[in-house]
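The structure under discussion appears below in the form of structure tokens.
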Amino acid sequence: RAKEHGRNSFKVFHSGMNIQSYRSFQLQNDLRKALERNEFKLVYQPRIHIGSSKITSAEALIRWDHPNWGMILPSEFIPLAEESNLIVEIGKWVLAEACRQNKAWQEAGLEPIRIAVNFSSQQFLQKDLIETISSILTDTGTAPGMIEIEITESVIFKNELAMTQTLKKLRNMGIYLSMDDFGMGYSSLKYLRQFPVHSLKIDKSFIQDLSSRSPESLSLVSAIVSLAHSLKLSVVAEGVETEEQLNQLRDLDCEEFQGYYFSPPVSANEFEDFLFKSQDKAVETNIKPIAYK
Ligand code: C2E
Ligand code: MG
Ligand code: MG
Ligand code: MG
């Protein structure tokens, strides 16, 4: 019988499961072994400064190379990892791997760039979160300013008081913070200004709507950009797929973008090639941290 709850519960296969539930049953069980078997990897999507067309940073995105099912996307296994709380250990691996890779790029002679990693809400519930992050940075010889943590607005707003405190600590360490998938959750404008994030990432659904050329979708993106700027936050557009979308974002003074128009997420090796090509040395961003009290 399948037990649904409990962090160490184990799901047992029974006949009558269809192929889809068999798959998630197997994934859920295999997730426990995936870390030690080294089946996860990170892919990297460049983030581009719209004004200078330079790569400012990359977002690290997890992939699972499953022995039976092949490459599995995070939308399928992250929810399973969150259910079983394995996300806490996986999240540590993601941060450490991103730091290790970034260090390796620097040792290969590249200018340092910032790497963004995604965090789930459970990671913020860990009492030793700050210590864990600090020791990963120390162990990998990573400066805090080389790391950005992306948190979705729904996670931040779930527990806004505690989150504000934690985010302030991270920011004061020198880590960059961004609010991911902005516009999809239930951001309260009242609280938005108290979260010490550096940037808002506009959810890709808003960017895709720009292609409909409806005045409403343009107004919506324009309003988000203005809101961010009035709060002294920089804006990153996600999911930019066309030149037209990019031009619209440039007109709105959006600072940065990610998307298939420039590149999908790529392997560490391919990203390294991008960096070697794009770095005729400087990778400064225009975005300067603002002091938070
Ligand atoms: P996200 O953080 O919002 O990441 C952006 C997603 O949009 C990525 O999907 C990326 O591949 C995709 N994307 C980028 N450019 C385009 C585009 O132009 N068009 C379209 N249609 N999509 C684009 P991916 O890699 O499948 O990741 C999905 C989500 O899984 C992420 O959304 C994030 O919420 C979560 N995720 C990924 N890696 C991790 C991780 O290490 N830890 C945690 N907790 N969550 C992760
Ligand atoms: Mg993200
Ligand atoms: Mg996003
Ligand atoms: Mg997302």
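The values are calculated or read from the model by the stated rules, or taken from the named source; none is laboratory data. This is a predicted model, so every value here is computed, not measured. Heads up, the Cβs are rebuilt from the backbone with ideal geometry, glycines too, and the neighbour counts pull from every protein chain shown.
Residues of segment 142-153 that are within 11 Å of ligand 1 (Cβ to nearest atom) and more than 14 Å from residue 202 (Cα to Cα): 149 alone. Here residue 200 fulfils each of the conditions (1) part of a helix (DSSP H, G or I); (2) within 16 Å of ligand 3 (Cβ to nearest atom) apart from (1).
Meeting the requirement of 3 or more residues that are of a type in the set (A, V, I, L, M, F, W, C), the helices (runs of 4 or more DSSP H) wholly within segment 112-159 are 129-140, 153-158. So residue 28 clears everything in (1) within 16 Å of ligand 2 (Cβ to nearest atom); (2) more than 24 Å from residue 258 (Cα to Cα); (3) polar (S, T, N, Q) except one condition, right? Which one? Against the list (1) within 16 Å of ligand 2 (Cβ to nearest atom); (2) more than 24 Å from residue 258 (Cα to Cα); (3) polar (S, T, N, Q), residue 28 comes up short only on (1).
For residue 170, the requirement of being part of a helix (DSSP H, G or I) and in contact (Cβ under 8 Å) with a residue 40 or more places away in the chain is met.
With the requirement that a residue be without any contact (Cβ under 8 Å) to a residue 60 or more places away in the chain, of a type outside the set (Lys, Arg) and away from ligand 3 (no atom under 16 Å from the Cβ), what does segment 226-246 give you? Steps first, answer last, please.
The first filter runs over segment 226-246 and keeps only residues without any contact (Cβ under 8 Å) to a residue 60 or more places away in the chain, leaving 226-235, 237-245.
Then keep just the ones that are of a type outside the set (Lys, Arg); that gives 226-231, 233-235, 237-245.
Selection gives 226, 227, 229, 230, 231, 242, 243, 244.
In segment 151-177, of all residues being more than 12 Å from the chain's Cα centre (by Cα) and among the hydroxyl-bearing types (Ser, Thr, Tyr), the one that is surrounded by the most Cβ atoms within 10 Å (Cβ to Cβ) corresponds to 166.
In summary, strands (runs of 3 or more DSSP E) completely within segment 8-110 and bearing 2 or more residues that are free of Cβ contacts under 8 Å to residues at least 24 places away in the same chain occur at 70-72. Can you name the residue in segment 57-81 that is more than 12 Å from ligand 1 (Cβ to nearest atom) and of a type in the set (S, T, N, Q) and, of all such residues, is surrounded by the most Cβ atoms within 10 Å (Cβ to Cβ)? It comes out as 57.
Of all residues in segment 178-195, exactly one satisfies the criterion of being crowded, with 21+ Cβ neighbours inside 10 Å and more than 16 Å from the chain's Cα centre (by Cα), namely 195. Exactly one residue among 129, 137, 170 is over 23 Å from residue 193 (Cα atoms) and touching a strand residue (DSSP E or B) at 6+ places or on another chain (Cβ under 8 Å), and that residue is 137. For residue 212, the criteria (1) of a type in the set (S, T, N, Q); (2) more than 13 Å from ligand 1 (Cβ to nearest atom); (3) within 20 Å of residue 248 (Cα to Cα); (4) at pLDDT 90 or above hold in every case but one, which is (4).
Go through segment 207-222 and give me each residue that's buried (at least 20 other Cβ atoms within 10 Å of the Cβ) and either of a type in the set (Gly, Ala, Ser) or closer than 21 Å to residue 118 by Cα (or both). Before the answer, list the steps.
Within segment 207-222, the first condition is being buried (at least 20 other Cβ atoms within 10 Å of the Cβ), and the residues that meet it are 207, 210, 221.
207 - this is the single residue of segment 207-222 that is buried (at least 20 other Cβ atoms within 10 Å of the Cβ) and either of a type in the set (Gly, Ala, Ser) or closer than 21 Å to residue 118 by Cα (or both).
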